[in-house]
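Trainee: Please see the structure below; I have some questions.
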Amino acid sequence: AALDAEGDNQASRARTVGHDIPLSGDRRHLIVDGTLNGIVTGPMLVDTGASYCVLTPGTARKLGFGKRSGRSIPVTTANGLIDAPFGELAAVQLRGARLDGVHAVVMDAVEPPLIGIIGLNFLTQFRFSVDLAEGRLRLEQ
(Lines give C-alpha, C1' and ligand atoms only; values in the text may rest on other atoms or scores of the structure.)
Protein backbone atom coordinates (compact mmCIF):
# COMPACT_ATOMS: atom_id res chain seq x y z
CA ALA A 1 0.00 0.00 0.00
CA ALA A 2 1.15 3.50 -0.75
CA LEU A 3 2.24 5.78 2.06
CA ASP A 4 1.70 9.51 1.90
CA ALA A 5 4.14 12.17 3.11
CA GLU A 6 3.07 11.65 6.73
CA GLY A 7 3.62 7.90 6.43
CA ASP A 8 -0.10 7.13 6.65
CA ASN A 9 -1.47 4.18 4.76
CA GLN A 10 -3.62 5.79 2.06
CA ALA A 11 -5.60 2.61 1.39
CA SER A 12 -6.78 2.24 5.00
CA ARG A 13 -7.60 5.94 5.28
CA ALA A 14 -9.58 5.83 2.06
CA ARG A 15 -11.75 3.04 3.48
CA THR A 16 -12.70 5.13 6.55
CA VAL A 17 -16.02 6.86 5.96
CA GLY A 18 -17.09 9.53 8.41
CA HIS A 19 -20.62 10.69 9.13
CA ASP A 20 -21.43 13.85 11.09
CA ILE A 21 -24.90 13.62 12.57
CA PRO A 22 -26.40 16.79 14.05
CA LEU A 23 -27.46 16.59 17.70
CA SER A 24 -30.49 18.33 19.08
CA GLY A 25 -31.83 18.52 22.62
CA ASP A 26 -30.08 19.80 25.70
CA ARG A 27 -26.58 18.81 26.79
CA ARG A 28 -27.97 16.08 29.08
CA HIS A 29 -29.88 14.32 26.29
CA LEU A 30 -28.31 13.60 22.92
CA ILE A 31 -31.01 13.43 20.24
CA VAL A 32 -30.49 12.46 16.58
CA ASP A 33 -32.89 11.94 13.69
CA GLY A 34 -33.07 8.27 12.81
CA THR A 35 -34.80 6.23 10.12
CA LEU A 36 -35.92 2.69 10.85
CA ASN A 37 -36.42 0.17 8.02
CA GLY A 38 -36.63 3.12 5.61
CA ILE A 39 -40.19 3.68 6.89
CA VAL A 40 -40.31 5.54 10.20
CA THR A 41 -38.20 8.65 10.76
CA GLY A 42 -38.02 10.68 13.94
CA PRO A 43 -35.97 11.80 16.93
CA MET A 44 -34.04 9.12 18.83
CA LEU A 45 -32.11 9.32 22.09
CA VAL A 46 -28.43 8.29 21.92
CA ASP A 47 -27.83 6.17 25.03
CA THR A 48 -24.45 4.53 25.64
CA GLY A 49 -25.99 2.83 28.67
CA ALA A 50 -28.45 0.89 26.50
CA SER A 51 -27.12 -2.47 25.28
CA TYR A 52 -29.65 -2.60 22.44
CA CYS A 53 -31.56 -0.18 20.30
CA VAL A 54 -35.05 0.37 21.69
CA LEU A 55 -38.34 1.03 19.92
CA THR A 56 -41.36 2.59 21.57
CA PRO A 57 -44.48 0.43 21.35
CA GLY A 58 -45.98 2.96 18.90
CA THR A 59 -42.94 2.79 16.64
CA ALA A 60 -42.96 -1.00 16.79
CA ARG A 61 -46.64 -1.02 15.71
CA LYS A 62 -45.90 1.29 12.75
CA LEU A 63 -43.12 -1.07 11.64
CA GLY A 64 -45.04 -4.28 12.33
CA PHE A 65 -42.02 -5.16 14.45
CA GLY A 66 -41.91 -8.26 16.60
CA LYS A 67 -45.10 -9.82 15.26
CA ARG A 68 -43.19 -12.43 13.30
CA SER A 69 -40.66 -13.52 15.88
CA GLY A 70 -42.74 -13.65 19.04
CA ARG A 71 -39.42 -13.62 20.95
CA SER A 72 -38.66 -11.69 24.11
CA ILE A 73 -35.59 -11.18 26.27
CA PRO A 74 -35.18 -10.19 29.91
CA VAL A 75 -34.24 -6.51 30.25
CA THR A 76 -33.16 -4.79 33.45
CA THR A 77 -34.85 -1.43 33.92
CA ALA A 78 -34.91 1.09 36.76
CA ASN A 79 -38.10 -0.67 37.92
CA GLY A 80 -36.65 -4.18 37.79
CA LEU A 81 -36.56 -7.03 35.31
CA ILE A 82 -39.09 -7.19 32.44
CA ASP A 83 -39.52 -9.41 29.38
CA ALA A 84 -39.29 -7.16 26.32
CA PRO A 85 -40.23 -8.14 22.76
CA PHE A 86 -37.01 -8.63 20.77
CA GLY A 87 -36.30 -8.81 17.06
CA GLU A 88 -34.26 -7.51 14.18
CA LEU A 89 -34.70 -4.27 12.25
CA ALA A 90 -33.92 -4.48 8.55
CA ALA A 91 -32.00 -1.18 8.81
CA VAL A 92 -31.17 1.70 11.13
CA GLN A 93 -29.94 4.89 9.50
CA LEU A 94 -28.58 8.14 10.94
CA ARG A 95 -27.98 10.41 7.96
CA GLY A 96 -25.46 8.52 5.78
CA ALA A 97 -24.55 5.99 8.49
CA ARG A 98 -26.62 2.85 7.92
CA LEU A 99 -26.52 -0.61 9.47
CA ASP A 100 -28.59 -3.57 8.33
CA GLY A 101 -29.85 -6.32 10.63
CA VAL A 102 -29.88 -4.38 13.92
CA HIS A 103 -31.39 -6.09 16.98
CA ALA A 104 -33.86 -4.07 19.03
CA VAL A 105 -36.22 -4.41 21.98
CA VAL A 106 -39.65 -2.84 22.43
CA MET A 107 -40.40 -1.01 25.66
CA ASP A 108 -41.69 2.25 27.12
CA ALA A 109 -38.23 3.71 27.68
CA VAL A 110 -38.81 7.15 26.12
CA GLU A 111 -41.84 9.36 25.49
CA PRO A 112 -43.10 10.71 22.14
CA PRO A 113 -42.04 12.52 20.08
CA LEU A 114 -39.02 10.20 20.49
CA ILE A 115 -39.39 7.04 18.41
CA GLY A 116 -36.72 5.07 20.26
CA ILE A 117 -33.14 4.79 21.47
CA ILE A 118 -29.87 4.29 19.61
CA GLY A 119 -28.01 1.77 21.77
CA LEU A 120 -24.53 0.32 21.90
CA ASN A 121 -25.28 -2.50 19.46
CA PHE A 122 -25.52 0.21 16.77
CA LEU A 123 -22.87 2.62 18.08
CA THR A 124 -20.11 0.04 18.59
CA GLN A 125 -20.21 -0.87 14.90
CA PHE A 126 -18.56 2.52 14.37
CA ARG A 127 -15.78 4.52 15.93
CA PHE A 128 -17.96 7.17 17.56
CA SER A 129 -17.47 10.45 19.36
CA VAL A 130 -19.65 13.29 20.56
CA ASP A 131 -18.68 16.92 20.07
CA LEU A 132 -21.01 18.97 22.26
CA ALA A 133 -19.43 22.28 21.22
CA GLU A 134 -20.15 21.51 17.55
CA GLY A 135 -23.42 19.73 18.36
CA ARG A 136 -22.64 16.55 16.48
CA LEU A 137 -22.24 12.81 16.76
CA ARG A 138 -19.35 11.57 14.62
CA LEU A 139 -19.54 7.99 13.32
CA GLU A 140 -16.66 6.43 11.37
CA GLN A 141 -16.70 3.11 9.58
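The values are calculated or read from the model by the stated rules, or taken from the named source; none is laboratory data. This is a predicted model, so every value here is computed, not measured. Reconstructed Cβ throughout: ideal geometry from the backbone, glycine too, with neighbour counts over all protein chains shown. Ligands, DNA and RNA are stripped out before the accessible areas are found, and what is left, the full protein with its side chains, is counted by its heavy atoms. Shrake-Rupley method; radii C 1.70, N 1.55, O 1.52, S 1.80 Å.
Trainee: Do any trypsin sites (Lys or Arg not before Pro) in region 92-141 lie in a DSSP loop with no more than 16 other beta carbon atoms within 10 Å, and if so, which?
Mentor: 95
Trainee: Here's something else I'd like to know. By how many nm would the segment from residue 17 to residue 140 lengthen if fully extended, with 0.36 nm per residue of separation less the alpha-carbon distance?
Mentor: Here the segment from residue 17 to residue 140 would lengthen by 43.7 nm.
Trainee: Could you work out how much longer the chain between residue 41 and residue 125 gets when fully extended? Use 0.36 nm per residue separation minus the Cα distance between them, nm to one decimal.
Mentor: 28.2 nm
Trainee: Something else about it: Treating only the Cβ atoms of Lys and Arg (+1) and Asp and Glu (-1) as charged, compute the dipole magnitude of the chain about its Cα centre; round to the nearest 20 debye.
Mentor: It comes to approximately 460 debye.
Trainee: In nanometres, what is the gap between the two model label sites at residue 27 and residue 73, each 7 Å from Cα along Cα-to-Cβ?
Mentor: 3.4 nm
Trainee: Here's a follow-up. Keeping all protein chains in position, work out how much accessible area residue 88 exposes to a 1.4 Å probe, and write it in Å² to the nearest 10.
Mentor: Only protein atoms counted, so the area is about 100 Å².
Trainee: For the chain, what proportion of DSSP beta bridges, expressed in % and rounded to the nearest 5, is antiparallel?
Mentor: Antiparallel: roughly 85 percent of the beta bridges in the chain.
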